[in-house]
Amino acid sequence: MDPERFIPEIIFLVPGINPGCVRSGLQTNSKLMKNTPNQITETRPLAGDADQIDPNLENDGVDRRGFLKCMAWAGTGMLWTISGGVLASKILSPPNAAAADNPMGGFSFVQISDSHIGFNKPANTDVIGTLKQAIAKINALPAAPDFILHTGDLSHLSTPEEFDALDQLLKGVKAGRIFYVPGEHDVLNDNGKQYRDRFGKDSKGDGWYSFDHKGVHFIGLVNVMNLKPGGLGFLGHDQLEWLEDDVAPLSASTPIVVFAHVPLWTIYPDWGWGTDDSAQALSYFKRFGSVTVLNGHIHQVQQKIEGGVSFHTAMSTAFPQPQPGAAPSPGPMKVPAEKLRSVLGLTSVNYIQGAKALAVVDSTLAGA
Ligand SMILES: [Fe+2]
């Protein structure tokens, strides 16, 4: 096997925090499912009403649906680990998550998304309150993240007041820095000028950029310009040219994290949940052994592994949206008040040096 090319393998681990999950067929340190490159292994939403175990329907000993439901029910998250070419996931309880993240050094960062400051409809009349909860959750982590990624829709209507409020709120987060990419709600009326002036000062073009952090290459992309209602995201020629040049000098063993607002994989094209020219962008990553793509926009957790690329979308801090095709159209989804915080959340990401591990942990605001 090409040593630079990793073949993903999913390993479900349960640290014993949830007997129900263990009962569903998950075992500590058991390798339960393998997949090969270019094969979609899993596309699964994180259920908001996660309180029961579903039967295993895939005859491989892994009850993935139950697994994900357990995860939310336990108020925990999923840890994705890429280690020595192996991608693994496991459940971590919040108190142990960060402590277990960096046994060999490395770093962590947190992704938040879709804060929609200014939104005040019944789906969530207090988006400031729920963002504050997300910030409190970050600040309660045993180890402060090195930085935050905000994957867009900071505001609801791109007003100065909304941007001000978001900016002020995030000044309270204990993290070294906050990196942003815009959502379509941040580039209304002015093609994103105000957004770039405030949150994308060092970016190129419409707001794209890259940076390196402790051996990992991060790329923030913009795929929300000129978005038509229900239309797919779009990167455009200039950004694609820049992207090709940006990754050209990198070694194939460099771990890469790409973040953008609209998913770079096609989740549901009827609702515009995908990016029209993402295939071109992804073609530039084919030679890399570890590529993680983090998105927002759809306000729910969806994940897919295809080839060497792990795709992941984050929950919103503001309001949920329906699962793909489960409603006539996308948009804010009202859930019972007591369930709202179980469908909002954030994503912690961890990189472990030496073990080449990159991990993604989703956790909800329930109990925050
Ligand atoms: Fe959004």
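Observations
- Residues considered: Gly296, Gly307. Of these, the only one that is touching a residue at least 40 places away in the same chain (Cβ under 8 Å), within 16 Å of the ligand (Cβ to nearest atom) and not hydroxyl-bearing (Ser, Thr, Tyr) is Gly296.
- Checked against the criteria, Ala326 counts as more than 14 Å from the ligand (Cβ to nearest atom), out of contact with any Lys or Arg (no Cβ under 6 Å at 6 or more places or on another chain) and among the hydrophobic types (A, V, I, L, M, F, W, C).
- Residue check, His312 in contact with a Pro (Cβ under 8 Å, 6 or more places away or on another chain) and not polar (S, T, N, Q): no
- For His217: the one exception among (1) surrounded by 14 or more Cβ atoms within 10 Å (Cβ to Cβ); (2) touching a helix residue (DSSP H, G or I) at 6+ places or on another chain (Cβ under 8 Å); (3) in a loop (DSSP other than H, G, I, E, B): (3)
- Of the criteria (1) within 16 Å of the ligand (Cβ to nearest atom); (2) touching a residue at least 40 places away in the same chain (Cβ under 8 Å), which one Asp362 fails: (1)
- Of all residues making up segment 171-184, the number that are under 23 Å from Val293 (Cβ atoms) and either away from the ligand (no atom under 13 Å from the Cβ) or in a helix (DSSP H, G or I) (or both): 7
Read-outs: derived from the displayed coordinates by stated rules, not from any lab. Only a predicted model underlies this, so the values are computations on that prediction, with no experimental measurement involved. Counting neighbours? That spans all protein chains shown, and the Cβs are built from the backbone with ideal geometry, glycine included.
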